[in-house]
Amino acid sequence: MPARVKAAAPATNPFRFGRIVSGDAFTDREADLLALERELRGGQNVLIEAPRRFGKTSLILEVKRHLEAAGIPVAYLDCMLVPSRARLADRLASAYLDAFKSPAQRAEDWVVQHLKAFRVRPTLTLDSDGHASLSFEAGSAGTPNLDALLEQIFQEPELIAREGKKKRVVVILDEFQDLMELGVTLLRQLRAVIQHQQHVSYAFLGSRQALLRRAVHERNAPLLKMARPYPLGPLPREEFANFLMARFRASGRPLPKDAVYALIDFTGAHPNDTQEAAHFLWEVALLPLSTAELVSTAISRVLDAEAAQMTVLWHDSAPAQRNLLVALVEWGGRNIYREEYRRRANLGPATTVQRAIQTLIDRELVDMEPSGAYTIKERFFEAWIRRRIIGGEL
């Protein structure tokens, strides 16, 4: 009987998207990593702004790991997951417990030491893995008590740093602009506390432009000039190309550089979109196709995978918004209010265009470039409109 041939292990797709990445999957942002670490270590608050899925969270968690390796405690909270002021108190106190408790302390001891003076008594919960979380039942405590509780919690990092004789602690508030939906007074209350703190550095991460304007950019914004602006741009083309090519090569599917460049140019070097497109390009890399055909096939597979989401975005758009989206793809985003443009694109009166563009901006589907031109923010949505709506492809 012939010996059984052991099957080779299937190759693993090295490109991941749609979630936080770290380690080898983290696209090198060495300059940003060093700059943010230096600023936070030195006591400077930072405001990291970028569109959704641009890699902000992956980057700041890499910064967090570097700071913690250097002995600087870091508390992290995703504010998008905080539906109420009462839940904010729970989540923020739990984040502090997780970050600032020393390994020698039991969670119970830490709570007694640091939270014993709180007007609303905390409840400590330990899950099966020993992970601790806090809750205050603050929702039934009444607004005055809840406001006082939040003020105490905002003050806690400075007190912990001083009592523990630490030179620095760091607090990261991811998608912090979502706190605006809990009331503008909340961020004013936070500002009143943190402007006096000497041992705490804050990293604010944000992506929702309408809320960010109200939170930090407008004249009376509660956090105006409270942090160094750090806009996160696309990854440098050459640097990103080298990263992608190395992963294609290491996984046994090397690609010519022009294919990788074509992919980056299509996505505009958007980190998550490029990783997603590269994921599908890797799947077709062994097909006997030209470079252009490989990239086109990969993009078609992306659009097939994203069809449900794109269809929802399209169906949630009113007719005037749909007409304008098609016009932006076909005719570009300059001079959209001019009569010639509106007539050619069948957009109707200028007031209709104005309402449609403002709604699309509020929905974060469209953005205005510094040049004054309007563009569709989602490259895949733009490509879906071009191929499915304008081109009629199935």
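The values are calculated or read from the model by the stated rules, or taken from the named source; none is laboratory data. Only a predicted model underlies this, so the values are computations on that prediction, with no experimental measurement involved. Backbone-built Cβ (ideal geometry, glycine too); neighbour counts: all protein chains shown. For accessibility, only protein heavy atoms count, side chains too; no ligands or nucleic acids. Shrake-Rupley method; radii C 1.70, N 1.55, O 1.52, S 1.80 Å.
Checking the conditions here, which among Leu61, Leu92 is out of contact with any Ser or Thr (no Cβ under 9 Å at 6 or more places or on another chain) and of a type outside the set (Lys, Arg)?
When all the criteria are applied, what remains is Leu92.
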**OP:** Search the range 381-392 for residues that are among the aliphatic types (A, V, I, L, M) and pair each with any residue that is surrounded by 15 or more Cβ atoms within 10 Å (Cβ to Cβ) when their beta-carbon atoms are under 7 Å apart and the residues are at least 6 apart or on different chains.
**Re:** Ala383/Ile299; Ala383/Leu303; Ile385/Leu325; Ile385/Val326; Ile385/Val329; Ile389/Val326; Ile390/Val326; Ile390/Val329
Subject >> Index of the failed condition, Ala269 passing every other in (1) within 21 Å of the chain's Cα centre (by Cα); (2) touching a residue at least 60 places away in the same chain (Cβ under 8 Å) >> reply: (2)
Subject >> Within the range 365-394, considering residues that are small (Gly, Ala, Ser) and closer than 20 Å to Glu306 by Cα, the one modelled with the highest pLDDT >> reply: Ala383
**OP:** Can you run down the residue pairs with Cβ atoms below 8 Å, 6 or more apart or on separate chains, where the first is in the range 42-65 and more than 22 Å from Thr267 (Cβ to Cβ) and open to solvent by 40 Å² or more (accessible area, probe 1.4 Å) and the partner is among the aliphatic types (A, V, I, L, M) and assigned to a loop (DSSP other than H, G, I, E, B)?
**Re:** Gln44/Ala227
Subject >> Any hit, the range 229-241, residues being in contact with a strand residue (DSSP E or B) (Cβ under 9 Å, 6 or more places away or on another chain), closer than 30 Å to Glu181 by Cα and at pLDDT 90 or above >> reply: yes
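This table checks each residue for (1) modelled with pLDDT of 90 or more; (2) over 30 Å from Ala262 (Cα atoms); (3) not charged (D, E, K, R).
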{"site": "Ile160", "(1), (2), (3)": "no, yes, yes"}
{"site": "Leu173", "(1), (2), (3)": "yes, yes, yes"}
{"site": "Glu181", "(1), (2), (3)": "no, yes, no"}
{"site": "Ser207", "(1), (2), (3)": "no, no, yes"}
{"site": "Ala221", "(1), (2), (3)": "no, yes, yes"}
**OP:** List the helices (runs of 4 or more DSSP H) that sit entirely inside the range 284-384 and contain at least 3 residues that are of a type in the set (A, V, I, L, M) and either under 30 Å from Phe15 (Cα atoms) or open to solvent by 40 Å² or more (accessible area, probe 1.4 Å) (or both).
**Re:** 291-305, 307-315
Subject >> Filter result for Ile72 (modelled with pLDDT of 85 or more and in a loop (DSSP other than H, G, I, E, B)) >> reply: yes
Original post:
Would the range 131-146 turn up any residue that is within 18 Å of Tyr202 (Cα to Cα), part of a helix (DSSP H, G or I), at pLDDT 80 or above and touching a helix residue (DSSP H, G or I) at 6+ places or on another chain (Cβ under 6 Å)?
Top reply: no
